[in-house]
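First up is the structure itself, then whatever we jot down about it.
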2 protein chains.
Amino acid sequence: MADRVIPIPKEELLAKIAPEIENIEQKMREDLQNVTASSDPLLAEILNYGIFNGGKRLRPLLVVFAARLCGWTPKCKIDVYRLAIAFEYLHGATLYHDDVIDRADLRRGKTTVSKEFGSIAAILGGDFLHSRSMFLIGEQGGVEALRIFCRATAAMVDGEFLQLRNAQRYNLSEEDYFAAVKGKTALLIAATCEIGALAGGATVHQQRALADYGLSLGTAFQIIDDLLDYQGDSIKTGKAVGNDFQEGKMTLPFILAVAAADNEDRQRLLSLLEEQEYQEGAFEEVLAIIGKYGSFELCRKKAEKIVEKGVNGLKIFSGKECESILPFLNGLAVYVLARKV
Amino acid sequence: MADRVIPIPKEELLAKIAPEIENIEQKMREDLQNVTASSDPLLAEILNYGIFNGGKRLRPLLVVFAARLCGWTPKCKIDVYRLAIAFEYLHGATLYHDDVIDRADLRRGKTTVSKEFGSIAAILGGDFLHSRSMFLIGEQGGVEALRIFCRATAAMVDGEFLQLRNAQRYNLSEEDYFAAVKGKTALLIAATCEIGALAGGATVHQQRALADYGLSLGTAFQIIDDLLDYQGDSIKTGKAVGNDFQEGKMTLPFILAVAAADNEDRQRLLSLLEEQEYQEGAFEEVLAIIGKYGSFELCRKKAEKIVEKGVNGLKIFSGKECESILPFLNGLAVYVLARKV
């Protein structure tokens with residue numbers, strides 16, 4: 001972690017971000033009520049069901065903190081909370097469509113929108129949220145924010161295509177993995193910080209530093225997600241472990257183990273991954289081999305190193321905002337690394 | 001038709017709009033090449049496949065003509081063609097998602113994107129086009145254009161929900177039908193004209209008149225679409241006839257026949273529609289009953305009356321632009337009514 005800024009303890013972090021989360025949720029409630037006032041009641045139901053699902057609100061929080069770090073105050077013309085919720089909407093839209101694509105039944109231990117309301121409603125609800133999110137970005141952030149946002153959403157789609165292509169491949173490199181993660185997750189987190197910075201009136205350097213911080217945070221976030229898919233507590237995450245393995249996806253822990261393993265273990269890992277039928281004990285065997293080569297720890301270390309670099313880049317900030325806001329951004333980074341769900 | 005403006009003959013209309021269509025297609029080719037330059041090649045393939053499909057380009061043409069009518073010239077700052085293609089992208093995005101929702105195999109006699117590339121690729125490709133379209137609207141038209149656009153896309157989603165709900169009902173009124181058509185088709189056509197007007201620097205009255213014209217044109221367009229589903233030449237339209245009936249959808253020709261029929265015929269129509277299994281000769285019987293009550297003709301007359309009202313509203317325009325552009329808008333209206341595909 002950055003040596004200058006000590007992250008605040010978890011309880012303090014959670015207590016301090018709680019009012020911001022409440023602001024964000026309140027803004028979403030008002031906005032959804034407003035835009036669905038004359039709509040089919042089913043649409044409002046679907047949107048509320050998918051959006052108020054116990055999400056961590058990481059993306060809108062990053063918009064608010066990035067803006068504050070760059071000088072935004074509630075007196076400014078831009079409604080930074082309205083800008084922030086656009087990212088939660090887009091995130092929601094992505095999940096609606098992803099669950100249709102993956103035919104997923106559960107998310108955070110709750111029936112998915114597509115399972116609960118059908119895939120047609122999920123596709124349409126996702127389209128609605130997507131449209132609303134871009135409107136809010138344009139309204140509050142202007143064309144430059146739209147450009148950044150659109151680049152990130154294009155990269156997401158591109159990342160999904162890459163993933164479709166990679167799904168057929170059992171020889172992914174670390175480089176392939178990071179390219180996919182960048183498009184799939186990290187660029188959008190970078191966009192939250194960059195657009196927040198823009199809203200706060202950042203200099204080009206400040207905007208760049210925050211985008212890099214977001215990119216590193218997003219990358220680490222996805223690495224931890226992939227780790228939890230192997231090591232998570234399914235009661236806490238609300239997702240079964242071993243999904244990626246069962247679907248034949250090569251994520252970082254697996255890739256690192258393949259790279260480190262001796263010939264016999266490597267062959268075994270790959271043949272277990274390629275077998276399409278579920279085999280009793282296969283996942284446990286893979287866990288053991290990855291564990292044997294210390295690839296889980298290495299994976300976590302890589303995530304820490306990436307976050308450290310992003311946090312260090314924020315040292316260019318100084319002044320009063322810096323003292324009050326930087327510990328949050330630092331704290332969020334620690335939280336991303338430490339999260340269990 | 002409006003008495004003052006005589007629509008130009010079809011051949012002349014087609015010859016005159018050909019260069020505009022070429023401008024629009026060229027702009028899309030350039031833009032798609034540009035935005036997919038560093039993407040997965042499959043994405044570019046899917047976008048080109050779905051976008052260059054012999055579409056009529058009605059929506060972008062309306063943007064261009066509305067803008068020109070309100071004073072836009074190529075010397076203006078706004079790139080009206082860039083604005084125009086946003087509507088073709090959104091239309092494409094809608095078709096990509098609709099074909100997934102409807103599980104359609106054919107569109108214009110060509111395999112659909114979802115059938116050709118799979119539904120995942122179709123959902124993602126649609127999302128990409130949706131995102132790009134909103135970016136272009138924001139870039140060229142600003143927040144006001146985004147607001148109009150977003151209202152139309154929200155109405156589209158809402159219209160789809162209404163249609164889902166209506167699919168369970170066999171007692172739709174004309175009013176229900178027009179409400180669904182407004183959301184599903186007409187408001188977006190109205191938005192093309194309204195945003196075109198905005199780009200041309202229209203007065204509030206001009207903007208309103210063009211929005212009304214678009215609304216009437218879009219409504220008529222959908223009525224003719226629904227007529228063609230009964231009476232079209234499937235070789236020309238590239239779609240089988242009788243789809244709506246087979247899917248149990250009540251569209252205007254059917255609704256008008258139900259309203260006009262005697263008790264026996266009405267019961268027969270409704271029971272044929274409700275039968276879920278395909279029955280030999282059922283469609284022919286329905287055609288005969290609708291024909292018997294003159295409901296196809298009445299349907300067409302309603303479309304003509306609606307268009308006439310919209311075209312008459314354009315009489316507020318005067319001056320040089322009016323003389324050169326109004327015949328086009330009038331011609332497009334005639335074309336929408338006369339179309340066979």
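The values are calculated or read from the model by the stated rules, or taken from the named source; none is laboratory data. Computed from a predicted structure; not experimentally measured. Cβ placement follows ideal geometry from the backbone for every residue including glycine, while neighbour counts extend to all protein chains displayed. Quick note on the areas: whole protein, heavy atoms, side chains included, nothing else; ligands and nucleic acids left out. Shrake-Rupley method; radii C 1.70, N 1.55, O 1.52, S 1.80 Å.
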Segment A:291-312, residues that are open to solvent by 20 Å² or more (accessible area, probe 1.4 Å), free of Cβ contacts under 8 Å to residues at least 60 places away in the same chain and in a helix (DSSP H, G or I) | A:291, A:292, A:297, A:298, A:301, A:305
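Within the group B:141, B:196, which residue is within 30 Å of residue B:46 (Cα to Cα) and within 12 Å of another protein chain (Cβ to nearest Cβ)?
Details: B:196 fails: within 12 Å of another protein chain (Cβ to nearest Cβ).
Unique residue meeting the criteria: B:141.
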Of the residues in segment B:74-86, those that are within 14 Å of chain A (Cβ to nearest Cβ) and within 18 Å of residue B:32 (Cβ to Cβ) number 4
State whether the residues of segment B:223-233 include one that is open to solvent by less than 40 Å² (accessible area, probe 1.4 Å) and within 30 Å of residue B:319 (Cβ to Cβ).
-> no
In segment B:27-42, is there at least one residue being under 28 Å from residue B:104 (Cα atoms) and in contact with a Ser or Thr (Cβ under 6 Å, 6 or more places away or on another chain)?
-> no
Residues being away from every other protein chain (no Cβ under 14 Å), out of contact with any Phe, Trp or Tyr (no Cβ under 9 Å at 6 or more places or on another chain) and aliphatic (A, V, I, L, M) - total across segment B:161-180 = 0
Count of residues meeting criterion [surrounded by 21 or more Cβ atoms within 10 Å (Cβ to Cβ) and either within 20 Å of the chain's Cα centre (by Cα) or free of Cβ contacts under 8 Å to residues at least 12 places away in the same chain (or both)] in segment A:66-79 = 2
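Which residue is farthest from residue B:122 (Cα to Cα), if the candidates are limited to segment B:12-48 and must be of a type in the set (A, V, I, L, M, F, W, C) and loosely packed, with under 15 Cβ neighbours inside 10 Å? Can you show your working first?
So in segment B:12-48, the residues of a type in the set (A, V, I, L, M, F, W, C) come out as B:13-15, B:17-18, B:21, B:24, B:28, B:32, B:35, B:37, B:42-44, B:46-47.
Then keep just the ones that are loosely packed, with under 15 Cβ neighbours inside 10 Å; that gives B:14-15, B:18, B:37.
On the way: B:14: 32, B:15: 34, B:18: 29, B:37: 20 Å.
Among residues in segment B:12-48 that are of a type in the set (A, V, I, L, M, F, W, C) and loosely packed, with under 15 Cβ neighbours inside 10 Å, the one farthest from residue B:122 (Cα to Cα) is B:15.
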Could you please find all residues in segment B:100-123 being at the interface with another protein chain (Cβ under 9 Å from one of its Cβ atoms), open to solvent by 10 Å² or more (accessible area, probe 1.4 Å) and in contact with a helix residue (DSSP H, G or I) (Cβ under 8 Å, 6 or more places away or on another chain)?
-> B:100, B:101, B:119, B:120
Within segment A:138-155, identify whether any single residue is farther than 16 Å from residue A:59 by Cα and hydroxyl-bearing (Ser, Thr, Tyr), and answer yes or no.
-> no
All helices (runs of 4 or more DSSP H) inside segment A:40-113 with 2 or more residues being within 30 Å of residue A:204 (Cβ to Cβ) | A:58-69, A:80-102
Any idea which of B:127, B:158 is under 20 Å from the mean Cα position of the chain (by Cα), over 21 Å from residue A:156 (Cβ atoms), buried (at least 21 other Cβ atoms within 10 Å of the Cβ) and facing chain A (nearest Cβ under 9 Å)?
-> B:158
